[in-house]
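Student: After the structure tokens below, expect a handful of questions from me.
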Amino acid sequence: MFCIFALFCYNKYNTGSLWLRAGVLMYRIAVVDDLAEERERLADYLRRFAAERKLTLTVELFEGGESFLSAYDNNYDIVLLDIEMQGIDGMETARRLRERDEKVCLLFVTYLANFAVQGYSVHALDFLVKPVGYENFGMKLERAVTAAERTRKKEIFIQTAEGSRRVRLDELTYVEVMNHTLLYHTKEGVLSVRGSIRECEERLAPYDFARCNKSYLVNMNHVTEIRRSEIRVGGDLLPIGSARRQDFLRQLTEFMGEIVL
């Protein structure tokens with residue numbers, strides 16, 4: 001038997017945080033609408049959707065584009081965005097969002113369907129016309145969850161001292177081990193976590209990562225230069241260990257589809 005509960009709290013932006021739990025799969029969703037009754041309606045629908053599909057949803061409610069963009073941290077799976085809002089409207093919010101995140105799944109909510117046509121310019125998945133009915137909402141959100149799941153297969157969660165961080169594998173250049181600490185080098189900075197490089201290697205092996213020496217696990221998508229005893233990865237020069245050189249170059253050859261000398 002699955003149960004579902006909700007806990008609301010409000011921060012300085014008057015945004016609400018709603019935690020929905022009904023299973024093991026978890027998605028993080030933002031609802032952005034300047035009308036409180038519309039935010040609550042979508043929150044209720046999400047609660048019902050989570051219970052029916054046995055999903056875990058973390059839903060955060062925002063009263064406008066400004067508060068949403070200020071709090072945005074690239075960790076959302078789906079954004080439900082009202083088009084006609086006071087202040088920054090939905091289209092401008094979406095354009096600014098796409099400058100920071102090209103992959104998050106975006107659903108527009110609007111009173112006028114012809115406004116939603118503009119959503120193609122910001123790669124919106126679909127739109128919902130107000131007043132939103134649950135049946136149509138459920139079908140559209142099902143599509144959004146499927147799209148989000150395809151994206152998430154290319155991501156991992158890293159548990160740091162500050163909390164869990166979701167990292168896209170295409171933005172992870174290499175992993176370094178130093179005194180039993182793993183340093184995940186990403187385009188946005190370095191994440192530090194206690195762990196084993198061997199376990200990390202097993203975890204990332206299916207995603208084109210390979211060890212170039214005992215201390216470095218590199219994303220072969222980011223190898224841009226190969227020297228006699230070094231490789232360049234994400235702008236950094238890393239040493240190739242003599243014991244691992246042959247195996248590493250073999251893996252790189254298989255990945256690139258051409259001979260690496």
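Student: For a quick check of your reading: which helices (runs of 4 or more DSSP H) sit entirely within segment 88-201 and have at least 1 residues that are over 15 Å from the mean Cα position of the chain (by Cα) and loosely packed, with under 12 Cβ neighbours inside 10 Å? Outline the logic, then answer.
Tutor: Values: elements: 90-100, 113-116, 134-152.
Filter on segment 88-201 gives 113-116, 134-152.
Student: In addition: Filter segment 51-69 down to residues that are touching a Lys or Arg at 6+ places or on another chain (Cβ under 7 Å) and either surrounded by fewer than 22 Cβ atoms within 10 Å (Cβ to Cβ) or modelled with pLDDT under 95 (or both) and give me whichever is farthest from residue 134 (Cα to Cα). Show your work before the answer.
Tutor: Of segment 51-69, the ones touching a Lys or Arg at 6+ places or on another chain (Cβ under 7 Å) are 56, 58, 61, 69.
Narrowing the set further to residues that are either surrounded by fewer than 22 Cβ atoms within 10 Å (Cβ to Cβ) or modelled with pLDDT under 95 (or both) leaves 56, 58, 69.
Details: 56: 18, 58: 19, 69: 27 Å.
Checked segment 51-69; the qualifying residue farthest from residue 134 (Cα to Cα) is 69.
Student: Which condition number does residue 22 fail, the rest of (1) surrounded by 15 or more Cβ atoms within 10 Å (Cβ to Cβ); (2) at pLDDT 50 or above; (3) among the hydrophobic types (A, V, I, L, M, F, W, C) being met?
Tutor: (2)
Student: If residue 208 meets every condition in (1) buried (at least 16 other Cβ atoms within 10 Å of the Cβ); (2) at negative phi apart from one, which number is that one?
Tutor: (2)
The values are calculated or read from the model by the stated rules, or taken from the named source; none is laboratory data. Being a predicted model, the structure only gives us computed values, none of them experimental. Positions of Cβ are generated from backbone atoms using ideal geometry, with glycine treated the same way; all protein chains shown enter the neighbour counts.
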